[in-house]
1. Whole-Hz Karplus ³J(HN,Hα) for segment 141-149, in order, using 6.51 cos²θ - 1.76 cosθ + 1.60 and θ = phi - 60°, x for Gly and Pro?
2. Would you list the P(r) distribution for segment 293-343, with all Cα-Cα distances sorted into 10 Å bins from 0 and each bin expressed as a whole %?
3. What are the semi-axes of the equivalent ellipsoid for segment 1-155, taken as the square roots of 5 times the Cα gyration tensor eigenvalues, largest first, in whole Å?
4. Among the listed pairs Lys72/Lys147; Lys38/Lys147; Lys72/Lys181; Lys72/Lys195; Lys72/Lys330, which have their C-alpha atoms separated by more than 22 angstrom in this model?
5. Which values of log₁₀ I(q)/I(0), to two decimal places, follow from the Debye formula for segment 367-445 at q = 0.13, 0.14, 0.27 Å⁻¹ with a uniform point scatterer at every Cα?
6. Arranged from highest to lowest average of other beta-carbon atoms within 10 Å per residue, in what order do the peptides 251-258, 278-285 appear?
7. Could you please state, rounded to a whole Å, how far the C-alpha centre of segment 31-58 is from the C-alpha centre of segment 377-424?
8. Using a ≥ b ≥ c from the Cα gyration tensor of segment 173-308 (square roots of the eigenvalues), is it rounded, prolate or oblate, where a/c under 1.5 gives rounded and otherwise the larger of a/b and b/c decides, a/b for prolate?
Amino acid sequence: MSALDHRDTEIVAWDDVLAEYDPAMGLEVHVELNTHTKMFCGCPTEFGAEPNTQVCPTCLGLPGAMPVVNRKAVESAIRIGLALNCEIAEWCRFARKNYFYPDMPKNFQTSQYDEPIAFEGWMDVEVEGETFRVEIERAHMEEDTGKSLHVGGVTGRIHGADYSLVDYNRAGIPLIEIVTKPIMGTREKAPAIAKAYVAQLRELIVALGVSDARMDQGSIRADVNLSLAAKDSGALGTRTETKNVNSLRSVERAVRYEMQRHAAVLRSGAQILQETRHWHEDTGVTTSGREKSDADDYRYFPEPDLVPVAPSREWVEELRATLPEPPREKLARLQAAWGFSDLEMRDTVGAGALGLVEETIACGAAPQAARKWWLSEMARRANDSGVDIAALGVTPVQVARVQALVEEGSINDKLARQVFDGLLAGEGTPDEIVAARGLAIVSDDGALGAAVDNAIAANPDVADKIRDGKVAAAGALIGAVMKEMRGQADAARVRELILEKLA
């Protein structure tokens, strides 16, 4: 086995990692802004357009094309910085980050380097009842790259592909990159803290209205930096950067895997290679990408075609007034309004379902009912599918309507699960699925009475117990009726009919 194979396959047991090493993390989260046009030109930004139909000389880097800064993108950057408790620069400028990839049409990326628009911020996240402060080093503006599609092979990556195609529609989309300082002292909670931070950041971005933050579409994605050092040394080890992790679940898994992989390399006496790595959702491992460049290798220099950005203090304060409620204050308010226990609220946040529960309640569902469906039925299905709960495909409006059907007596909880099957299969609205699948509860006393008679006749010993006053035995007959009615009977009415007939 080669050294590379060893790095990519060997891991150390989790408890052994914690016994010998301390992790340090850094998270770089890229947020695609929902501006109507690109960062430096007037091309549209809609997701899913035909390849290379949303391009122009500027975003294709053609000679003589001149960029102009998108004011709305600057506004969004300032609002993100303020929401993260950052200082906002009175003067900043763009820089050219020079590197060559096929999906970089200019052969450089217009970004910010030593003069970001927002810096020195923080966000508090809570994991298992403990609060951790994640310090924000910077939030800077830049443009996205194009997208390469490697055709042929089995991995979808360039190695082994027959040929590659490039779509430049995404080139020039406004991005905000939010970079943390090293996150230390997290120990065994490191994976959960990484997930909680990205989840809370995503909720904040959505609340700000600056991006749809769809991880499944790449409009928010995380790079996970991880290093290990000897336990209690206080040192920083050599880091690796796992690129473009696109789900909350994967952020947590990537941190855990890299901790175990780093430990295996260090235990073997080898050195960690500073490199980028690729996360594989199907296998839960990372593989080597390329050696990671340092800032000097990118040959940053000020962008000569763009004027500096100097937001006035009046504008900054106007934008501050538009900020949504701080996340921790919102959590406390919602918990009090919903009557959730600390554990219930913690589980809701941990599942990435806070916004979904909130929207479902806004659509008319009771808090506990909304929480029940999202944290049991939806969370289970999301876990089985290996996706984030928000990407499952069921909306808060639909969940609220399913609950309304339960409360109306049209269906019960068991039948509601079949409605969710239909929603995930794209069979229509909850009402259409109930009608098409014939799921409505039978409330006709004639049909129910016949099923009750059949159950009594088939279970004379149980019927005798009920006649003798052992009412609890009615459960067996109710079960028999529900089985005959395929679960589509009103259990309360069935019980009434059984007791009436055996009185």
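1. 8, 6, 10, 7, 8, x, 10, 9, 10
2. Going from the shortest bin to the longest, the percentages are 17, 20, 19, 23, 16, 6.
3. Values: eigenvalues 229, 140, 44 Å².
Taking √(5λ) for each eigenvalue gives 34, 26, 15 Å, largest first.
4. Details: Lys72/Lys147 24 Å; Lys38/Lys147 15 Å; Lys72/Lys181 27 Å; Lys72/Lys195 29 Å; Lys72/Lys330 26 Å.
Check vs 22 Å cut-off fails for Lys72/Lys147; Lys72/Lys181; Lys72/Lys195; Lys72/Lys330.
5. Taking Cα atoms of segment 367-445 as identical point scatterers yields -0.37, -0.42, -1.41.
6. Details: 251-258: 24.4, 278-285: 14.8.
By packing density, highest mean first, the sequence is 251-258, 278-285.
7. Using only Cα atoms, the two centres lie 35 Å from each other.
8. Working: a/c = 1.78, a/b = 1.28, b/c = 1.39.
Oblate.
The values are calculated or read from the model by the stated rules, or taken from the named source; none is laboratory data. It should be emphasised that the depicted structure is a prediction, and the values quoted were computed from it without experimental measurement. Neighbour counts run over all protein chains shown; Cβ positions are idealised from the backbone, glycine included. SASA here: full protein model, heavy atoms, side chains in, ligands and nucleic acids out. Shrake-Rupley method; radii C 1.70, N 1.55, O 1.52, S 1.80 Å.
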